[in-house]
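Chemist: The structure that follows is given in the form of structure tokens.
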Amino acid sequence: MATQNNIVIDQGTTFSVNVTAKDSSGSAKDLTGYTTTAQLRKSYYSSTSTSFTTAQVDATGVITLSLTATQTGDLKAGRYVYDVESASGSETIRVVEGIVTVTPQVTKA
């Protein structure tokens, strides 16, 4: 079962957050050999998405999700959903999921 973690992204800024993959006992999961992907969408049924850049530290299960200022600037303020999945061979695990709140940007170039 995935961990629930809601996040806030400030529109037009560089965004980064760390999440940790856990095994069934609650210990950090070794992600050696896994590929991680993460997306956010306006709703579960949206056909368009924004992909996070992901980087993982295999032995510790730490995954860094990031978006550029351009990517966050392209998001409309509001509520989104997201999840992070790691896969290796026939196993796919959902590491974390939740709601993303994008706060509006006032200062613009």
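Chemist: Once you list every other residue whose beta carbon is under 14 Å from the beta carbon of residue 91, what net charge do they have if Lys and Arg are +1 and Asp and Glu are -1?
Modeler: Net local charge, residue 91 excluded: -1.
Chemist: Taking all protein chains in place and a 1.4 Å probe, what share, in percent, of the accessible surface of the chain do carbon and sulfur account for?
Modeler: C and S fraction of accessible area: 50 percent.
Chemist: Over the C-alpha atoms of the range 63-109, what are the Rg and the largest Cα-to-Cα span, Dmax, in Å?
Modeler: In order Rg, Dmax, the Cα atoms of the range 63-109 give 14.3, 46 Å.
Chemist: Taking amide H positions as placed 1.01 Å from N in the peptide plane, with prolines and chain starts having none, which residues 5 or more places from residue 95, or on another chain, fall under 5 Å of its amide H?
Modeler: Sorted by chain and number, the residues that satisfy this are 84, 85, 86.
Chemist: Another question, then. Roll a 1.4 Å probe over the protein chains and send me the accessible area per residue for the chain in Å².
Modeler: With the other protein chains kept in place, the chain gives 60 Å² per residue.
Chemist: Considering Cα pairs under 8 angstrom that are at least six residues apart, work out the relative contact order of the chain and quote it in whole percent.
Modeler: Worked out over the chain, it gives 39 percent.
Chemist: When only DSSP loop residues count, what chymotrypsin sites (Phe, Trp or Tyr not before Pro) in the range 1-66 have their Cβ near at most 15 other Cβ atoms within 10 Å?
Modeler: 44, 45
Chemist: If you project the alpha carbons of the range 31-84 onto their three principal axes, what span does each projection cover, largest first, in Å?
Modeler: That works out to 36, 25, 14 Å along the principal axes.
Chemist: Report the full-extension gain for the segment residue 62 to residue 107: residue separation times 0.36 nm, less the Cα-Cα distance, to one decimal in nm.
Modeler: Fully extending the segment from residue 62 to residue 107 adds 12.9 nm.
Chemist: Let me ask another. For the chain, run through the trypsin sites (Lys or Arg not before Pro) and keep only the ones in DSSP coil with at most 13 other Cβ atoms within 10 Å of their Cβ.
Modeler: 76, 108
Chemist: Report, by chain and number, residues whose modeled amide H sits under 5 Å from the one on residue 10, excluding near sequence neighbours (fewer than 5 apart, same chain).
Modeler: Close amide H contacts, sequence-distant or interchain: 103.
The values are calculated or read from the model by the stated rules, or taken from the named source; none is laboratory data. These figures come from a predicted structure and were not determined experimentally. Ideal geometry is used to build each Cβ from the backbone, glycine not excepted, and the neighbour counts take in all protein chains shown. Quick note on the areas: whole protein, heavy atoms, side chains included, nothing else; ligands and nucleic acids left out. Shrake-Rupley method; radii C 1.70, N 1.55, O 1.52, S 1.80 Å.
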